[in-house]
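The values are calculated or read from the model by the stated rules, or taken from the named source; none is laboratory data. Computed from a prediction, not measured in an experiment: that's the story for all the values here. Virtual Cβ from ideal backbone geometry, glycine too; neighbours counted across all protein chains shown. Each accessible area value is taken on the protein alone, full model and side chains, heavy atoms only, with ligands, DNA and RNA left out. Shrake-Rupley method; radii C 1.70, N 1.55, O 1.52, S 1.80 Å.
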Amino acid sequence: MKILMIPSWYGTKAAPILGSFYKEQAEELAARGHDVAVLYAEVSGSLRGEHTQAVINGVDTTVWVRPNLTPRFERGRCFQRTRMLLSMYRQLEKRWGRPDVVNLRSSLQGYEAVTLCRRCDLPLFFMEHSSFVVTEGQDSAARRRLFAVMDEAQVNACVGSALMSVMRPYKADTRLIPDFVDERRFAIKEKNDPDAPFTFAAIGQLRPIKGHDTLIRAFALLRERTDRPVRLLIAGRGPLHDRLQALIGELGLGDSCRLIGQIPREQVVDFINDCDCFMCSSRTEMLSCVLHECGACGRPAIATRCGGPQDILTEDTGMLVPVDDPPAMADAMAVMLDRAPTYDRQKIRDHILRHFGRDAVCTALEQACADAIRLHGGAAEREAER
């Protein structure tokens, strides 16, 4: 198949690891023998633009970033992205050919992708990732956009049960297709320093939705309850860095809690394997890719009941706690100090790969693309008969 992926966020020069799971899935589909292309249009608040086209690991990739000409006007941004997308598509079709199917990732650029599919008569396989369709109200612009895209798509899917609770009542045949974890990259390793303190670790952008303030407060409560050497490492960058650093100082955690900044993608596996327990403190999470990666490394995790983690963690792989509840999280961390060494790391890995491995997920993606092509063809035939 010739598959055109349109992601609603993707790696750029300014944010190279953004949407890394989209990139990895596109590359895996290409490795499985499909022709895959990615078109990404971004209207940025920055004055710096970017327009690149290259074949990266078998994927024909075009990224176009340009300054926003209509600040604070979402319809204007949508109009700009639509024109950018149509322009990129015309160039893609000249060098690459016509795609068999369009795979839209997230409804955030749904109107843009729907316009392309209508104008070029292309089948659409839509897969939702964004938390906005859950957190925004029933009559919100996010829900209206979601349902408009679902009406146009031949196949609809989402990555987790929280999204499914919104989408399946609207379209009963909505599919659940999670993001995959690359088991070749994420594997069980021993800690580089076996004598290091018991280590809790987290990865994520330093934004309010990730709940790192709750995690830091929970760690402070843990420190009050144990004399054992423990530490908390938080990887990532974002607008809350200074505020979180101030909280660490205010709670007197400077010697055991560190914000270590963004770590390169290729170093994430070592970071996870060097921890004893992985932490997810999010307030909302549709599907936590880092929990997949943690599980593939055989590490137990503590996560909030914020949506996605409930689809991933079991009693054999970790613990779930309420959202925004530092005492409950501290209780779980205290239990994990003794329980972590008792988890069967291979059992954790096997569970993750059974549900979120490359083969399982890519087979579902391939079937969804094939079904979208078939259903679009059937609709065209019925229209011709009228």
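Annotations
- Computed in the context of the full set of protein chains, the accessible area of the chain at 1.4 Å probe radius has 49% of its extent on carbon or sulfur.
- Radius ratio Rg over Rh of the chain, counting only Cα atoms, Kirkwood formula for Rh: 0.99
- Within the listed set GLN109, GLN154, GLN138, the residue fluctuating most in the Gaussian network model of the chain (springs between alpha-carbon atoms under 10 angstrom) is GLN138.
- Listed peptides 171-181, 2-12 by packing density, highest first (mean Cβ within 10 Å): 2-12, 171-181
- The tail of the calculated P(r) for the range 110-185 beyond 15 Å holds 56 percent of all Cα-Cα pairs.
- For the range 232-241, the Karplus equation 6.51 cos²θ - 1.76 cosθ + 1.60, evaluated at θ = phi - 60°, returns couplings of 10, 10, 10, 9, x, 9, x, x, 8, 3 Hz by residue, with Gly and Pro reported as x.
- Database remark: amide H of ILE56 closer than 5 angstrom to the amide H of THR61 (H placed geometrically; neighbours at sequence offset of 5 or more, or on other chains; Pro and chain starts carry no H).
- Scattering profile of the range 1-155 at q = 0.15, 0.17 Å⁻¹ [log10 I(q)/I(0), Debye over alpha-carbon scatterers]: -0.77, -1.01
- Qualifying trypsin sites (Lys or Arg not before Pro) in the range 43-133, DSSP loop, other Cβ atoms within 10 Å at most 13: ARG48, ARG72
- For the chain, the longest principal axis of the alpha carbon atoms and the long axis of helix 212-225 meet at an angle near 20°.
- Taking every DSSP beta bridge that has both ends in the range 7-120, the antiparallel portion is near 40%.
- Value of [θ]222 nm, deg cm²/dmol, for the chain, DSSP H segments ≥ 4, -39500 (n - 2.57) each, nearest 500: -13000 deg cm²/dmol
- Exposed-loop-free span, longest in the chain, where GluC sites (Glu not before Pro) count as exposed if DSSP calls them loop and at most 16 other C-beta atoms lie within 10 Å: 1-189
- With K and R counted +1 and D and E -1, the other residues having a Cβ less than 11 Å from that of TYR111 yield a net charge of +3.
- Remark: for residue pairs LYS2/LYS210; LYS23/LYS94; LYS13/LYS210; LYS171/LYS347; LYS2/LYS189; LYS13/LYS189, the C-alpha separation exceeds 29 Å in LYS2/LYS210; LYS171/LYS347; LYS2/LYS189; LYS13/LYS189.
- Relative contact order, percent, the range 98-209 [alpha-carbon distance under 8 Å, six or more residues apart]: 20 percent
- Projected area, mean over directions - the range 127-225, Cα convex hull, nm²: 10.1 nm²
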